[in-house]
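Before any comments, here is the structure.
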Amino acid sequence: MLERAAEIIRNAEAFVITAGAGMGVDSGLPDFRGDQGFWKAYPMYARLGLSFADAANPQHFERDPAFGWGFYGHRTNLYRATIPHQGFHIIRRWIELNQAAYFVVTSNVDGQFGKAGFANDSILEVHGSIHHLQCIKPCTRDIWDNRERIVVDPATMRTSSLPRCPHCGTVSRPNILMFGDWSWLPDRTSGQEARFERFMEAQAGKPMAVIEMGAGTAIPTIRATSERLGWQHADTTVIRINPREPDIKPPHISLACGALEGLQKLDEALQHQGGRQNFGH
């Protein structure tokens, strides 16, 4: 299975990298799988009896913005400080060696692919990005960079520094699709979706590898995207890397391990198949 997956990568002229929350675990980011995983990362919410869905609720920005920004401010600071793991760079090297086209499709809002050097115009963030803000109302359709310095008290998960909309002065919010969210502005993500559609049209007929990492079934957006690409496009093979839910129907390939481990194993298999000097087109 590993050897066949390596051969798919070796012959790929296009890559689609699909990634869920599990992609960030090897960079030290918390695993929010289930309430216990969330509460381990954020004990304060365990004491309050709040789940991830409760904390990631846009109503906090209207009713108690210091509490809403406590959660998202902490995550902003965490993601800014995080260094993408080596797996990101392994993928970039494969793309460069093959001189292949690529696109990233991720449900993660952490911006790690951009930080790892993937081109911004080749990334689709289906749930938005914590590094971009919008008005909570919203008073306009503007989306702007998150350059805010947000100080969070870890004992209360509250902040006294509230980001404001530059147009109306109301509290701003991350441009992220939250739970029960009716005020999210999808315009930035819609532009990314249009670029992805054009990318897929341009890759018609090319051998393509879809490399999926850390995408679970709880919110199956990324898994569904990978499978749709795998079944609708000829010469496309999905390589699913997932430690707990790796299953996918043949001819697609599953690797039951974490993202970094799976990418390292694939990289080793590629080297064994012919050496780096013969890898690529």
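Note on segment 188-205: residues that are under 20 Å from the mean Cα position of the chain (by Cα), touching a residue at least 24 places away in the same chain (Cβ under 8 Å) and closer than 30 Å to Arg10 by Cβ total 6.
Can you tell me which residues in segment 21-38 are farther than 17 Å from Val152 by Cβ and in a helix (DSSP H, G or I)? Step through it out loud before you land on a result.
At the first step, the residues of segment 21-38 found to be farther than 17 Å from Val152 by Cβ are 21-28, 31-37.
Gly22, Met23, Gly24, Val25, Gly34, Asp35, Gln36, Gly37 - these are the residues of segment 21-38 that are farther than 17 Å from Val152 by Cβ and in a helix (DSSP H, G or I).
How many of the residues in segment 226-236 are surrounded by fewer than 21 Cβ atoms within 10 Å (Cβ to Cβ) and of a type outside the set (D, E, K, R)?
In the first step, residues of segment 226-236 are kept if they are surrounded by fewer than 21 Cβ atoms within 10 Å (Cβ to Cβ); the result is 227-229, 231-235.
Narrowing the set further to residues that are of a type outside the set (D, E, K, R) leaves 229, 231-234.
Count: 5.
Give me the residue from segment 140-187 that is of a type in the set (Lys, Arg) and without any contact (Cβ under 8 Å) to a residue 24 or more places away in the chain and, out of that set, nearest to Pro43 (Cα to Cα). Outline the logic, then answer.
Of segment 140-187, the ones of a type in the set (Lys, Arg) are 141, 147, 149, 158, 164, 173.
Narrowing further to those that are without any contact (Cβ under 8 Å) to a residue 24 or more places away in the chain: 147, 149, 164.
Values: Arg147: 27, Arg149: 23, Arg164: 28 Å.
Step by step, filter segment 140-187, then rank; the result is Arg149.
If I filter segment 80-90 down to residues being closer than 14 Å to Gly24 by Cβ and among the hydrophobic types (A, V, I, L, M, F, W, C), which single residue comes out as surrounded by the most Cβ atoms within 10 Å (Cβ to Cβ)? Out of the qualifying residues, it is Phe88.
Please find, among Ala66, Ala53, Ala14, the residue that is hydrophobic (A, V, I, L, M, F, W, C) and surrounded by fewer than 17 Cβ atoms within 10 Å (Cβ to Cβ). Can you show your working first?
Working: Ala66 fails: surrounded by fewer than 17 Cβ atoms within 10 Å (Cβ to Cβ); Ala14 fails: surrounded by fewer than 17 Cβ atoms within 10 Å (Cβ to Cβ).
Result: Ala53 is the single residue among Ala66, Ala53, Ala14 that is hydrophobic (A, V, I, L, M, F, W, C) and surrounded by fewer than 17 Cβ atoms within 10 Å (Cβ to Cβ).
Evaluated against (1) modelled with pLDDT of 95 or more; (2) in contact with a helix residue (DSSP H, G or I) (Cβ under 9 Å, 6 or more places away or on another chain), Tyr45 falls short on exactly one condition, (1).
Quickly run through segment 17-50 and pick out the residues that are surrounded by fewer than 21 Cβ atoms within 10 Å (Cβ to Cβ), of a type in the set (S, T, N, Q) and closer than 17 Å to Ala218 by Cβ. Across segment 17-50, the qualifying residue is only Gln36. Checking the condition at pLDDT below 95 and either farther than 14 Å from Ile9 by Cβ or of a type in the set (Ser, Thr, Tyr) (or both), which residue from Gly275, Gly280 passes? Result of the check over Gly275, Gly280: Gly275.
Of the residues making up segment 45-55, none is part of a loop (DSSP other than H, G, I, E, B) and touching a residue at least 40 places away in the same chain (Cβ under 8 Å). Contact map, segment 206-234: residues that are basic (Lys, Arg) paired with residues that are assigned to a strand (DSSP E or B), Cβ distance under 6 Å, separation 6+ or inter-chain. Pairs shown: Lys206/Ala14.
Taking the options Glu62, Glu7, name whichever one is acidic (Asp, Glu) and either within 30 Å of Thr236 (Cα to Cα) or without any contact (Cβ under 8 Å) to a residue 60 or more places away in the chain (or both). So that I can check it myself, show each step before the final result.
Details: Glu62 fails: either within 30 Å of Thr236 (Cα to Cα) or without any contact (Cβ under 8 Å) to a residue 60 or more places away in the chain (or both).
So the residue among Glu62, Glu7 that is acidic (Asp, Glu) and either within 30 Å of Thr236 (Cα to Cα) or without any contact (Cβ under 8 Å) to a residue 60 or more places away in the chain (or both) is Glu7.
Screening Ile222, Ile239 for residues that are within 19 Å of the chain's Cα centre (by Cα), more than 20 Å from Glu7 (Cβ to Cβ) and buried (at least 20 other Cβ atoms within 10 Å of the Cβ) leaves exactly one candidate, Ile222. Strands (runs of 3 or more DSSP E) fully within segment 68-153 that include at least 1 residues being in contact with a Leu (Cβ under 9 Å, 6 or more places away or on another chain) and hydroxyl-bearing (Ser, Thr, Tyr): 101-106. Taking residues in segment 92-103 that are under 17 Å from Gly114 (Cβ atoms), and partners anywhere that are part of a helix (DSSP H, G or I) and at pLDDT 95 or above, the pairs with Cβ atoms closer than 7 Å and at least 6 places apart or on different chains are Tyr102/Ile95; Tyr102/Ser122; Phe103/Ser122; Phe103/Phe196; Phe103/Phe199. Screening Ile90 with (1) at pLDDT below 95; (2) in contact with an Asp or Glu (Cβ under 7 Å, 6 or more places away or on another chain); (3) among the hydrophobic types (A, V, I, L, M, F, W, C) gives one miss only, at (1).
The values are calculated or read from the model by the stated rules, or taken from the named source; none is laboratory data. Computed from a predicted structure; not experimentally measured. A quick note on method: Cβ atoms are made from the backbone with ideal geometry, for glycine too, and the neighbour counts reach across all protein chains shown.
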